[in-house]
Amino acid sequence: MDSDLKSVNSGHRELPRRQVIITMAGVMLALFFASLDQTIVGTALPRIITDLGGFAHYTWVATAYIITSTVTLLIAGKLSDMYGRKWFLVGGIAVFIVGSILCGTSQTMNQLIGFRALQGVGAGAIMGMAFITVGDLFPAAERGKYVGFLTGVFGLSSVIGPTLGGFITDNFSWNWVFYINIPFGILIMILFIFFFPHIRPEIQKHRVDYGGIATLILTVVPFMLALTWAGVEYEWLSFPIVFLFAFSAAMLLLFIIIESRVKEPILPLWIFRNRVVSVASIVTFILGFGMFTGIIFIPLYFQGVLGSSATASGSFLTPMMLGLVVGSIVSGQLLARAGGHYRTQGAVGIIFMAVGLFLLSRMTVDTSYATAIMNIIIMGLGLGITMPVYVIAIQNAVPYSIMGVATSTNTFFRSIGGAVGLAIAGSVMNNRFADDFTGGLPPEISAVIPSEQLSSLAENPQALVSPEAQDQLRGFFESMGSQGAQFFQQLLSTMREALNSALTEVFFVAFCAIAVAFIINLFLKEIPLRKDK
């Protein structure tokens, strides 16, 4: 079943219908496999930081994954234009399986972060190839419904992932949220080896842009490190942060010089002269901010502010992802059947996202579960509507010969936006929580808590998400007699108020970013969707 086909200049050769069905089923399974890990970890993160420590590194478990998957997306997208898609998918799954095994055996936060980075390399290849393969199989006028199905698969994994992650965390251990990937990954890899078509470009001799790959990595990684450490590990104007930003800027300049001169650049800069590509990339970058803010910080709100268990917080995230599934499938069908008005559909989706984030930013510790759920449904619906739109717009605006790298560029900017957003949001959350907690704690309580423990609580409100830490803290106050119980409740109340203030500020920052995306989307040029390949 391993078809060995060469693409022609205007597109690709038709595959038998049975092969198209098998290929799409495999791609959907692979995307489900990779995206499940992104969401299943979210509800386990509070318990992970309890066991391994490091509240300040809360976002890094996700950020390390995003950084490496982001870089891999772009590299794999270009190389797949040169050598075909199949073996990048198979190799990505193999790397992901190895990364999952190592994550599950992690003993420290630094180990976990490093192994999550390795997982991200595999995930980048998988997720990049999934959306590119739709462009291989279908003309632009039909791609919308299939991209909608793929984003629906991402949403479905997001429905299952948080609940499954919470259940595993509460009933087994957080390690098993990684081990669960192993049997599924092996099964999907075998399926791809035997059934995925090997569609190759007609030209077989290529020159890999190693200089572009190296400078791309040296641009993105230091930049993300600086954003993540600034305001947490180091002051914003400290030497390490300034040096990382400066080094990243220098590498970016070198990257641009290299890409403008090599024969086959890893990122052809000329594609950004296309207004559809440039505007869609900017909007997608900003939408990534809102997307990852919701996925990562909403479970922390339910656990830390509203007092849910890990399992319950995962189930409360489910309505948001169901909204994403509905929004993406409906949006994809409209793109394919109603003339491809992607600018209008993008604007509608952005409005829904903005309203949802604004409502999230207005929540308090007394907000009801029903109100919080309604807010995240609105956000999820908007996110789902936008997800197929900009992929189709870009694929429709570029020639088939660079469709892989162009599609990956869109996903690259979404991931970069998510990483930048998480870095900014993490800094905002940490600083606001520490300020509100220390400023709001009654003096009589501050006086009885050792300074070292007080500083630890200001950096890591684990008593709000860990029953064990809460019991330990309760025991400390109960040793003081009858007044101790009252002090304990006041302390928890102060921590909850501080965390609420920190998280609602994060949601408001994301709302402001989405409002900017709405304005930029107005400049997106609509081109009728092509009916040829």
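The values are calculated or read from the model by the stated rules, or taken from the named source; none is laboratory data. These numbers were taken from a predicted model, which means no experiment stands behind them. Glycine gets a Cβ as well: all are built from the backbone with ideal geometry, and neighbour counts include every protein chain shown.
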_The one condition in (1) in the same structural domain as residue 26 (by TED's automatic domain parsing); (2) crowded, with 23+ Cβ neighbours inside 10 Å; (3) more than 30 Å from residue 385 (Cβ to Cβ) that residue 280 fails to fulfil_ = (3)
*asked:* Conditions first: (1) within 26 Å of residue 262 (Cα to Cα); (2) in the same structural domain as residue 86 (by TED's automatic domain parsing); (3) surrounded by fewer than 24 Cβ atoms within 10 Å (Cβ to Cβ). Residue 138 passes all but one, so which condition is the exception?
replied: (1)
*Working carefully through the options 266, 241, 258, find the one that is buried (at least 17 other Cβ atoms within 10 Å of the Cβ) and either farther than 20 Å from residue 78 by Cα or at pLDDT below 85 (or both).*
241
*surrounded by 15 or more Cβ atoms within 10 Å (Cβ to Cβ), in a helix (DSSP H, G or I), touching a Ser or Thr at 6+ places or on another chain (Cβ under 7 Å) and modelled with pLDDT under 85 - does that describe any residue in region 211-220?*
no
*For residue 182, are the conditions met, namely being at pLDDT 80 or above and surrounded by fewer than 18 Cβ atoms within 10 Å (Cβ to Cβ)?*
yes
*asked:* Looking at region 301-329, I want the residues that are closer than 16 Å to residue 44 by Cβ and at pLDDT 65 or above and have a partner that is surrounded by fewer than 20 Cβ atoms within 10 Å (Cβ to Cβ) and of a type in the set (Val, Ile, Thr) with Cβ atoms under 7 Å, at least 6 apart or on another chain. Which pairs are those?
replied: 316/373
*Check whether at least one residue in region 379-389 is surrounded by fewer than 24 Cβ atoms within 10 Å (Cβ to Cβ), not polar (S, T, N, Q) and not assigned by TED's automatic domain parsing to the domain that holds residue 220, and report yes or no.*
no
_Neighbours by Cβ (under 7 Å, 6+ apart or cross-chain): first from region 20-42, free of Cβ contacts under 8 Å to residues at least 40 places away in the same chain; second basic (Lys, Arg)_ = none
_Any chance residue 227 is modelled with pLDDT under 90, over 16 Å from residue 67 (Cβ atoms) and either crowded, with 17+ Cβ neighbours inside 10 Å or not assigned by TED's automatic domain parsing to the domain that holds residue 424 (or both)_ = no
*Condition check for residue 97: farther than 20 Å from residue 415 by Cβ, of a type in the set (Val, Ile, Thr), assigned by TED's automatic domain parsing to the domain that holds residue 36 and assigned to a helix (DSSP H, G or I)*: yes
*Looking at region 401-420, is at least one residue at pLDDT below 85, more than 22 Å from residue 281 (Cα to Cα) and assigned by TED's automatic domain parsing to the domain that holds residue 71?*
no
*Please go through region 344-372 and pick out each residue that is surrounded by fewer than 22 Cβ atoms within 10 Å (Cβ to Cβ) and under 20 Å from residue 529 (Cβ atoms).*
344, 347, 348
